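*Asks:* Let me begin by handing over the structure; questions about it come next.
The values are calculated or read from the model by the stated rules, or taken from the named source; none is laboratory data. Note that the coordinates shown come from a computational prediction; the quantities given were computed from them, not determined experimentally. Because the Cβ atoms are built from the backbone with ideal geometry, glycine has one as well, and the counts that use them run over all protein chains shown.
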Amino acid sequence: MDWSPLLQRWQGQVFRPGERAEIGVGKQLAAAGRPLPTSALWLRARSECDVRRALDFLARHEQGFAVRSGGHCFADLSSHAEVVLDLSELRRMELNLQGLRAGPGVSAGEASAFLTSRGRLLPTGGCPGVALGGLALVGGFGLLGRSHGLVCEQVQALRVALPGGDLVEASAHHHADLFWALRGAGAGQFGVVTELLFDTQPAQALNVVHGRWSWDCAADVIEAWQTLAPAADPRVNLELSLSASDDPEDADEGPPLIELFGVVLAEAEEVPALLAPWRRALGSLAEALCEWRLPAAAAASYLCGRLDRRCEPAWQPSQPYREHGYQFTKSGFFAQRLPAGAIQDLLAHFAADRRYAQYRELELIPWGGAYTATSDQRPHADCAFSHREAQFMIRHTAVVGARSNAELRAHARRWAQASRATVAAAGNGRVYQGYADLELPQWAQAYYGADLPRLRALKSRHDPWLLMQHAQAIEPSFQDLPKG
C-alpha cells in the first residue's frame, strides 16, 4: 500500500511497526484477553482535517481500521491489525456560555481539572484516564449518574466526520436522528466524532461514604444493598465492590473483602437523614461506615477517580505502557432482586479456586434515579440508551499480568464466564454497551434492545458503504426509517 498521498498532507504523528516511538501507542490492558494486534500503520490525528483525510483515503483504498480515543474498549474494538485512527491528541477544551467544548481525546480527569478551576463539573465515570470520545458515546455512568443522568445525556451537540465525507454538527435541532444514535450507540458505528459540546453543572461539596467488611458479612451486606440502593433518593449513589487480591496466600491481603462506597450529593445537614435507612438496614454492620465532607475541588477529584474510596490520592498507571496485562470482563443488568441462592452461588464462586497473580473484582452498580428518566421527563434522555428499567448492574472482572501464561489467562476467562452464569437467571438479558463483550451470542439485542431496528436503519443511511466496520458493528437495514 502506498500511503504517501495521505502522509504528505498529514499533520499528526505516524507510527509503524518496529519504530522506537511505537511504544507510545500501547494500552494498559488487552481487554479481550489476548495479545493486541500490531497495526501496520498508526495515524495519530492532530486536527479535524486529518480525520477527514484519513477517512477519505481509507474508504477509497478499502482499508480496515479502528478508531481510538482512549483505548478502554472492553472488547479491544479500538485496536486493528491494519490501521488505527488515534484521536488522543484532539484534546482542545473551551468553556463558554454554551458549555464545555472538548475533543474526543480529552480524558475524564483532564476535563475534571479544567472545569473545577472554573467552578464547574461534568458528571463522568470513576476512571480518570477514560477519554470522553468513548465514554460519552456508549452511555457513561458514574457516581453522579443517579442525580444527573448518563454522560451521553450531558451532550448538547457533536461534530462528526461521516463515511460519505461530510462533516456535520449533530444536535437536537440538526441531524437529530444522528444525534440520537451517537449518544449511546456511537462508538465506531456511524462516523468519527471530532468534538463534543457538554452541558456542565456547578461544582459543589458532597459527602463521601465508605464501609469495609470481612468476607463472612458479604451476603448480609449485598442483601441490604439491593434493598436500598436502586430505590434510594437520587442524591445517594452507593456502589458495592467485592475484591480478591492476586495473592491468595497473603495473610493481610489474601481474604476477599467487600466495600460500600459512593456519595451523598446534599447539604451537610441533610446527609444524616439520607443515610438513616442504610444504618437501620445494616444494623450492627453500620459501625463500619465512615463519612467525609469534601469541598468542591476535592469532590471533583473523588468523582473522577483521582482520589480513592477513602479519599486518599489514587494510584494512576504511568505512561507510556511498555507492556499490557489481560482483563476479562462480563456484565449484566438486573430488573429484580438477586435470590438468596444466587447470592450464595456468586460468593462461593468468587472465593473458590483462586490463583496466584489473578485479581478478581465484582462491582454492583445501582440504577434508578435519573437513569430511569424518559424523554418526557428529561429531554436529553431521548438517546440510544435502552437500559432504563434496570435496578442495578453487576460487573465481573478478572485481571492477570503481562507475563501470565496461556493457562492462567484461560482460567481467568473461565472464572469471569462462570461468575456471570451464577446470577444470569436473575438478570434481564441486557448488557451495558460500554462493557463490550465479544463472547455475547446476541450482542446487538443485549446492548440496544428495542432501539436496534432504528439503529440498523440509521446505519444504512449514514454508512451504507460499511466503512465503520468491526466485530460488533451494527448491521444496516435498508428499510425506510419510521416517520416522525
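*Asks:* Here is a list: G449, G434. Which entry is part of a helix (DSSP H, G or I) and over 17 Å from D76 (Cβ atoms)?
*Replies:* Exactly one residue qualifies, and that residue is G449.
For every residue, the table says whether it meets (1) assigned by TED's automatic domain parsing to the domain that holds W225; (2) farther than 16 Å from E361 by Cα; (3) of a type in the set (K, R); (4) modelled with pLDDT under 95.
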{"position": "K459", "(1), (2), (3), (4)": "no, yes, yes, no"}
{"position": "Q469", "(1), (2), (3), (4)": "no, yes, no, no"}
{"position": "A473", "(1), (2), (3), (4)": "no, yes, no, no"}
{"position": "Q479", "(1), (2), (3), (4)": "no, yes, no, yes"}
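*Asks:* Moving on. From the list D246, D252, which one is more than 25 Å from the chain's Cα centre (by Cα), farther than 30 Å from Q336 by Cα and part of a loop (DSSP other than H, G, I, E, B)?
*Replies:* D252
*Asks:* Residues E110, E62, E82, E48: which one is more than 25 Å from V431 (Cβ to Cβ) and either free of Cβ contacts under 8 Å to residues at least 12 places away in the same chain or in the same structural domain as F385 (by TED's automatic domain parsing) (or both)?
*Replies:* On inspection, the qualifying residue turns out to be E62.
*Asks:* Which one of these does H72 not meet: (1) within 13 Å of G434 (Cα to Cα); (2) touching a strand residue (DSSP E or B) at 6+ places or on another chain (Cβ under 8 Å); (3) in a helix (DSSP H, G or I)?
*Replies:* The failed condition is (3).
*Asks:* Tell me, which residue of segment 457-471 that is surrounded by fewer than 20 Cβ atoms within 10 Å (Cβ to Cβ) and within 23 Å of the chain's Cα centre (by Cα) is farthest from P163 (Cα to Cα)?
*Replies:* My answer is A471.
*Asks:* Continuing with the same structure: Might you let me know whether segment 270-279 holds any residue that is surrounded by fewer than 16 Cβ atoms within 10 Å (Cβ to Cβ), modelled with pLDDT of 95 or more, farther than 25 Å from H396 by Cα and of a type in the set (D, E)?
*Replies:* Looking through segment 270-279, at least one residue is surrounded by fewer than 16 Cβ atoms within 10 Å (Cβ to Cβ), modelled with pLDDT of 95 or more, farther than 25 Å from H396 by Cα and of a type in the set (D, E).
*Asks:* Just need a number here: residues in segment 430-444 that are exposed (fewer than 15 other Cβ atoms within 10 Å of the Cβ) and closer than 18 Å to A384 by Cβ.
*Replies:* Counting residues in segment 430-444 that are exposed (fewer than 15 other Cβ atoms within 10 Å of the Cβ) and closer than 18 Å to A384 by Cβ gives 1.
*Asks:* Another one. Hey, can you tell me all the residues within segment 164-178 that are within 25 Å of W465 (Cα to Cα) and surrounded by fewer than 20 Cβ atoms within 10 Å (Cβ to Cβ)?
*Replies:* G164, G165, D166, L167, V168, E169, S171, H174, A176, D177
*Asks:* Tell me which residues, restricted to segment 34-50, are hydroxyl-bearing (S, T, Y) and at pLDDT 95 or above.
*Replies:* Of everything in segment 34-50, just one residue is hydroxyl-bearing (S, T, Y) and at pLDDT 95 or above, namely S47.
*Asks:* Which residues, counting only those in segment 417-428, are closer than 12 Å to I394 by Cα, in a helix (DSSP H, G or I) and in contact (Cβ under 8 Å) with a residue 40 or more places away in the chain?
*Replies:* S419, R420, T422, V423, A424, A426
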